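Data block below; observations after.
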Amino acid sequence: YQGGNALIKDPIVETPYSDYPKPIQDRKPLPTKTLAPVHDRNPLPTKMLAPLSPTRMNASIDYHLSPIQELQIQNYKNHDALMLHIHASRNAGETMCAWAKLNGPVPSIRCYDFHDGDPGIPSILHNSTLNRPWSHNETTHHVKELRKHFHMVQWTNVAHWPRSVNETAWENPNLLSTIVMRHPIERLISYALHFNRVVVNNTGWWSFVKYDDRANNGMLGNILGFGAGQGEGTPELYVEMAKTYLSRFTIIIDQDCLDESLVTLSELLDVTYDESIPRRKPTRHQSPRSIFQNDDDLYEYLVRQNRRDLELYTWAKARSVVRCNPSSPIVETASENEAVAARLATYQNDLIQSIDYKVPESNQSLKDLQIRNYLDGNALMLHSHITHHGGTSLCNWAKENGATPAFACVYGDNWPKGLPNARDKTPWTFHETNEYVPLLRKHFHLVSWEYTITNPLRSFHATNWLHPNLVSVIVMRDPLDRLQSEQEAPRGTNV
């Protein structure tokens, strides 16, 4: 193409489907800069990247894409997939929106919303950008409809979402998802100073960090969608849950390497990058400790309170599309107080040990954790039983190894009062999973959901199968063999 011999052909022109985006002659033309003759275009190398600072000299690109992530990227390049960016406040949302505007239409209000009555945009889509996260069943519809009008949509106000991001069908081949992660203490300072939420003195900072929920594992709570902020006592399993959710996103970006990441992302997607787009303006030129006037107690308090957020950021940093050294230490250990310095050094060393710049975490690791937690007596085994799929055999096996519901492992006289049994309202929703797993594990090691002709009434996608304390089991069977075992021809089960 750069040699002038290839033609860009939009596959939408030849699609047989009537509900695809407008014919190419009716669509907003691509920015002229994108299609300018080769000799008029700025060369891609060094001009695009500012010289790396000493802290970023090891910035590297070694991104591992799963087959579904590769398909999402290819579908985006073919104009079929919608880009959806998850924006937490002070995590480069303005920059991501400015970059997206270079490459096609986006919602008019900061890439996340648009005015009712905007030309050609049905008002129903207005709600689909606000009612977020989408459920699994909503995802396919909203992606298809929004892609007719935009190539990128941004979700913001993450902290106020009524549902967890896990409910969205991130594996949809026509949904390309991105998220920017940032050092949690730097993000907290940026938020406080940008929105004038703090009196900049010792008393003011203490007041802010004691009463603002962003100072208590704020990003972890944003991702999980419930009150994950429990300070220093926040369970480790919350971090493991958040890791599995982030692993479902197509692209993770580290704000420490934002410019480099946008160049790489542009190359992956075959779109334009312009170094003149608006940047996040640094709200500080000092380290967090300096801003806190070297108050050891305040800084150590924030490190302890946000330890799970720091662990999540360290993990995400090692799996971002471009990896680089932190712009400042994850934990600043310098202190005149030797005891404080030693404690901070311990925090820093624990975090460093979790960084792996070469080998991304395997998807198998969560299953290993679930099984390990079951062996330790903490996880509940949940069997999804389809009629004539070995349910009786599995239940008898379970009864030999621990307590189960009295009747067919589904319910019975020993079922705990106040909890809906496995014949009521299953599969569980995401939030019900988080609530019922620890409660049922106090009584049983295995519970079965039994499905016949008329149920389940909900989608299996609503359940939090990624919960570290849930081991899920299902028995599959040859469908013709199963048919013969029925006393009458089955009308099907909704699985």
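The values are calculated or read from the model by the stated rules, or taken from the named source; none is laboratory data. Treat the numbers as computed from the prediction; the structure is a model and nothing was measured. Positions of Cβ are generated from backbone atoms using ideal geometry, with glycine treated the same way; all protein chains shown enter the neighbour counts. With ligands, DNA and RNA removed, areas are computed over all heavy atoms of the protein, side chains included. Shrake-Rupley method; radii C 1.70, N 1.55, O 1.52, S 1.80 Å.
Protection proxy ranking, highest mean first, for peptides 84-92, 215-223, 287-295: 215-223, 84-92, 287-295, where packing is the per-residue count of other beta-carbon atoms within 10 Å, averaged. Debye-formula intensities of the range 201-244, expressed as log10 I(q)/I(0) at q = 0.25, 0.27 Å⁻¹, are -0.82, -0.90 (one equal scatterer per alpha-carbon, no solvent). Take the Cα of Asn414, step 7 Å toward its Cβ, do the same at Thr140, and the gap between the two points is 4.1 nm.
Close amide H pairs (under 5 Å, H built 1.01 Å from N) link His385 with Trp449, Glu450, Tyr451, residues at least 5 positions away or on another chain. Evaluate E = 1/(1 + (r/R0)^6) for His431 and Asn294, where r is the Cβ-Cβ distance and R0 equals 45 Å; express this FRET efficiency to the nearest 0.05. Efficiency computed from Cβ-Cβ geometry: 0.60. Heavy-atom surface analysis with a 1.4 Å probe gives the range 75-114 a carbon and sulfur content of 44 percent of its accessible area. With a Förster radius of 35 Å applied to the C-beta separation of Ile109 and His64, the computed FRET efficiency comes to 0.50.
The residues neighbouring Gly377, those whose beta-carbon lies less than 13 Å from its own, together hold a net charge of +2 under the Lys/Arg +1, Asp/Glu -1 convention. The Thr203 and Glu232 beta-carbon pair, evaluated with R₀ = 35 Å, returns a calculated FRET efficiency of approximately 0.95. Remark: the Met476-Glu275 segment gains 67.0 nm on full extension, using 0.36 nm per residue and subtracting the alpha carbon distance.
Taking only alpha carbon atoms, the range 371-432 gives an Rg to Rh ratio of 0.95, where Rh is the Kirkwood radius. The packing ranking of peptides 438-451, 181-194, highest mean first, is 181-194, 438-451, where packing means the average number of other beta carbon atoms within 10 angstrom of each residue. Highest mean packing comes first when the peptides 407-413, 428-434, 395-401 are listed by Cβ atoms within 10 Å, giving 428-434, 407-413, 395-401.
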